[in-house]
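**Q** This structure is in structure tokens; I'll ask about it shortly.
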């Protein structure tokens, strides 16, 4: 379950990164390339959706498992990681999906640069929480 979770997270994050940069390039692309870019963005978005579903599903399965490794020790790091995902990564996923839909309808506006900053902050906090097992939230 853990391996599937990690693989799905890597695929999810890489798909979101790719989508973000495709949208940035789409802003400046010639009109002839817009349809092809939109198709590519939609395909990557479907990959991101599937990877997100698997990552979240495996994460929930691990939390609800009778052999739950998160309840053995104080799991402040888990709360921090979940907060980073919910506040930093999931909103960016939604913003990118909405932007792909608008681009497909011909409403092309540059994607705000703060989206990238929010995404990087969410990833950084989540990775630090997992790799260092921060427990300061639970008082340990």
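Where a number appears in this text, it was derived from the coordinates with a stated rule and is not lab data. Fair warning: this is a prediction, and the values are worked out from it, not measured in the lab. All Cβ positions, even for glycine, are placed from backbone atoms using ideal geometry, and neighbour counts span all protein chains on display.
**Q** Could you sort 82-89, 26-33, 2-9 so that the peptide with the highest average Cβ count within 10 Å comes first and the rest follow in order?
**A** By packing density, highest mean first, the sequence is 82-89, 2-9, 26-33.
**Q** With axes computed from alpha carbons, what is the tilt in degrees of helix 31-64 against the longest principal axis of the chain, rounded to the nearest 10 within 0 to 90?
**A** Computed tilt is about 10 degrees.
**Q** Between the helical axis of 2-28 and the dominant principal axis of the chain, each derived from Cα atoms, what acute angle in degrees is found, rounded to the nearest 10?
**A** The angle comes out near 30 degrees.
**Q** Could you let me know the centre-to-centre spacing of the range 108-126 and the range 1-78, using Cα atoms, in angstrom?
**A** Comparing the Cα centres of the range 108-126 and the range 1-78, I get a distance of 14 Å.
**Q** Counting alpha carbon pairs within less than 8 Å and at least 6 residues apart, what relative contact order, in whole percent, applies to the chain?
**A** So the answer I get is 33 percent.
**Q** What is the angle, in °, between the Cα long axis of helix 90-104 and the longest principal axis of the Cα atoms in the chain? Nearest 10 is fine, range 0 to 90.
**A** Around 10 degrees separate the two axes.
**Q** On to the next question. Quickly estimate the mean residue ellipticity at 222 nm for the chain, helices only: each DSSP H run with n ≥ 4 gives -39500 (n - 2.57), and the total goes over all residues, rounded to 500.
**A** That comes out to -26000 deg cm²/dmol.
**Q** Another one. With the cut-off at 1.5 for a/c, could you classify the range 2-132 from its C-alpha gyration tensor as rounded, prolate or oblate?
**A** Because a/c hits 1.5 or more and a/b exceeds b/c, the range 2-132 counts as prolate.
**Q** Same structure again: Mind giving me the FRET efficiency for residue 83 and residue 33? R0 is 30 Å, r the Cβ-Cβ distance, nearest 0.05 is fine.
**A** 0.20
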